[in-house]
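Presented below is the structure to which this report refers.
The values are calculated or read from the model by the stated rules, or taken from the named source; none is laboratory data. Predicted model only: the values in this text are computed from it and were never measured. Note that each Cβ is placed from the backbone with ideal geometry, even for glycine, and that neighbours are counted across all protein chains shown.
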Amino acid sequence: MTDDLTFDWGGSPYTGINREWEPDWFLTDEQRDLQQQLIEVCEKVIRPNAIIGDRTGAYPQKSVEALAELGVLGAVVPKKYGGRGENNVGIMMLTETLARYGCPSTTVIYMMHMVALAGLVFRASGNPHIQDLISRIDSDCLVGTASYTDPETGGHFWYPKVSSATRVPQGWHVQKKAAWTTSCGYAKWYLTQTTSPDFTGDYSDLAVFLLYPDEVDAKTGQWDAMGMHANQSGPVEIDAVIPEDRIVGWPGDGAASNDEAIDPLAFVQYAGAYNGLAMGALDVGKQHATKRAHAQYGRTIADYLTVQDAFGEVLSNTLASRMYAYGFAKELDDRTNNGSWEMYETDPDARPRTTMTQWSLPAKVLATKAAWEATDKMLQVCGGRGYSKSSEIERLFRDGKAGWIMAPTNEVTRILVGKWALFGADAVDWWNQHVDEPALNNELGKLDVDGKRDLAARLLAEIAEDDAKRVAPTN
Ligand SMILES: Cc1cc2nc3c(=O)[nH]c(=O)nc-3n(C[C@H](O)[C@H](O)[C@H](O)COP(=O)(O)OP(=O)(O)OC[C@H]3O[C@@H](n4cnc5c(N)ncnc54)[C@H](O)[C@@H]3O)c2cc1C
């Protein structure tokens, strides 16, 4: 028997936090139905697979196939290309539900896939190759991934030092090293970012490319991490010549792709994934706390005020993060004609999603912090049993830390927010291009006359070298 407060989970009522704590007024009736369907898929396929994947590291292929069968692997694809045309609130709900009731590793796979898919959808107009691919995502179960993070610049994934792209008669010669790539060796397609073919030293001059498995050297099977075991993240190296139509957008379009497609989806899904994980931890904690009894008092541990306080604190903070996240997603929908991607067909320079950048950053910080706090406190609530590998909370605790570390790390994100709040958007200096005059003058003030003379000589020599290169360019 179930009532409005819960739902069926394998023949019994789900015993996690009741539905009265769901901010489901953000969802349409269709999205509520879809959520219920996804919960059923989680119960039957994805949660059992999560436990296996955590123990063995096996890639959750069956879970990915179940998402394709439900028709949500192509959720962000517009209806005219056969997708669901899901809005930002819907994508957040799907990601949250998958993490809470299903599997955090599968959620990161889903997230990196959807982020990359958004990059394709953003520039599908005028590219039949991309249109064909995105129209087959669900029917052919085409899971993709984003191969962005650079080994030299780490969490600043938007700064690809070890990469290049050049024009060649057959199309493009793409070279790239990516330190991490989710679904490494399992993805059916890869989205990657390099410096632009026109690159002359400006790191905001970027380009995006679509590659297939035979064009990348994916170091499969190297993933051995604290958590997210089934995620199968790994290094990828690219040195391939690919056809002309595999550029996504055009040379120099990479920064726009980040601002308008990759980042908005990433932040919506970071929030969904880690708020869902936090709620999942509360569910597991409640299941334990309401069952575990102490014989000397004849009461459950849920009766202790310390345990009630832990639930009150974690739930309050998680709900605050969820309300922020859904509010942000709803505003994104309002500014984009309900999550539409059509405006870029007529106006490639449209930037409605970019106008929400400063609001997107805190969504990641809040959700990943909520997940960390929730898994830590719920592990404590579960006591010695929680510490045991047989408990679900131990797995969530390990998985929960990944969000804090994923790019941009929470430290980097908070610095971006703080700088922006203190000095305005320009001060953020995404591409490390603005000279820090006070720091420069401070350091110059430390040099004596000889030091200044040496520095001046070095700078003049560098200028002469640059001038010589400009006069006689080499091929
Ligand atoms: C499970 C998982 C899956 C992933 N999947 C993908 C994927 O599919 N595709 C992909 O491209 N990447 C992926 N990543 C990579 C991820 O997004 C990050 O880029 C990566 O984790 C950063 O690691 P790093 O070791 O390079 O950290 P670094 O960037 O070297 O950071 C190390 C430390 O220095 C701090 N730090 C860094 N820069 C600054 C600064 N300017 N100021 C102050 N502190 C700073 C950081 O906060 C951190 O504490 C994944 C990571 C994980 C954990």
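I need every pair where a residue in the stretch 395-415 that is more than 6 Å from the ligand (Cβ to nearest atom) has its Cβ under 6 Å from the Cβ of a residue that is among the charged types (D, E, K, R), sequence separation at least 6 or different chains.
So the pair list comes out as R395/D54; T413/K364.
Name the pairs: first residue in the stretch 423-452 and in the same structural domain as G201 (by TED's automatic domain parsing) and of a type in the set (S, T, Y), second residue part of a loop (DSSP other than H, G, I, E, B) and surrounded by fewer than 10 Cβ atoms within 10 Å (Cβ to Cβ), Cβ to Cβ under 6 Å, at least 6 apart or on different chains?
Qualifying pairs under 6 Å: none.
Being out of contact with any Pro (no Cβ under 9 Å at 6 or more places or on another chain) and assigned to a loop (DSSP other than H, G, I, E, B) is the filter; apply it to the stretch 203-231 and report the residue that is surrounded by the most Cβ atoms within 10 Å (Cβ to Cβ).
W223
Could you tell me whether the stretch 233-240 includes any residue that is within 28 Å of R167 (Cα to Cα), surrounded by 20 or more Cβ atoms within 10 Å (Cβ to Cβ), within 16 Å of the ligand (Cβ to nearest atom) and among the aliphatic types (A, V, I, L, M)?
Checked against the condition, which is being within 28 Å of R167 (Cα to Cα), surrounded by 20 or more Cβ atoms within 10 Å (Cβ to Cβ), within 16 Å of the ligand (Cβ to nearest atom) and among the aliphatic types (A, V, I, L, M), the stretch 233-240 yields at least one hit.
Looking only at the stretch 233-254, decide whether some residue is modelled with pLDDT under 95 and more than 30 Å from R398 (Cα to Cα).
No, that holds for no residue.
Going by the structure shown, is R292 closer than 26 Å to C184 by Cα and away from the ligand (no atom under 16 Å from the Cβ)?
No; evaluated as a whole, the condition is false for this residue.
I'd like the residue in the stretch 31-88 that is acidic (D, E) and more than 21 Å from L142 (Cα to Cα) and, out of all such residues, is nearest to the chain's Cα centre (by Cα).
Here is the first cut: in the stretch 31-88, the ones acidic (D, E) are 33, 40, 43, 54, 65, 69, 86.
Subsequent filtering for residues that are more than 21 Å from L142 (Cα to Cα) retains 33, 40, 43, 54.
Values: D33: 25, E40: 24, E43: 24, D54: 20 Å.
Restricting to residues being acidic (D, E) and more than 21 Å from L142 (Cα to Cα), the top hit is D54.
Specify which of the listed residues (D150, D138) is touching a helix residue (DSSP H, G or I) at 6+ places or on another chain (Cβ under 6 Å) and of a type in the set (D, E).
D138
Tally the residues that are over 19 Å from R19 (Cα atoms), loosely packed, with under 15 Cβ neighbours inside 10 Å and of a type in the set (S, T, Y), restricting the search to the stretch 282-304.
Residues flagged as over 19 Å from R19 (Cα atoms), loosely packed, with under 15 Cβ neighbours inside 10 Å and of a type in the set (S, T, Y) within the stretch 282-304 amount to 1.
With a cut-off of at least 2 residues that are within 16 Å of the ligand (Cβ to nearest atom), of a type outside the set (D, E, K, R) and more than 13 Å from the chain's Cα centre (by Cα), name the strands (runs of 3 or more DSSP E) lying wholly within the stretch 89-192.
On the way: elements: 144-147, 163-168, 171-178.
Of the strands (runs of 3 or more DSSP E) lying wholly inside the stretch 89-192, those with at least 2 residues that are within 16 Å of the ligand (Cβ to nearest atom), of a type outside the set (D, E, K, R) and more than 13 Å from the chain's Cα centre (by Cα) span 171-178.
When D376 is evaluated against the numbered criteria (1) within 16 Å of the ligand (Cβ to nearest atom); (2) free of Cβ contacts under 8 Å to residues at least 40 places away in the same chain, which criterion, by number, is the only one it fails?
Result: D376 passes all but (1).
Of all the residues that make up the stretch 21-59, how many are more than 21 Å from G400 (Cα to Cα) and of a type in the set (S, T, Y)?
Number of matching residues: 1.
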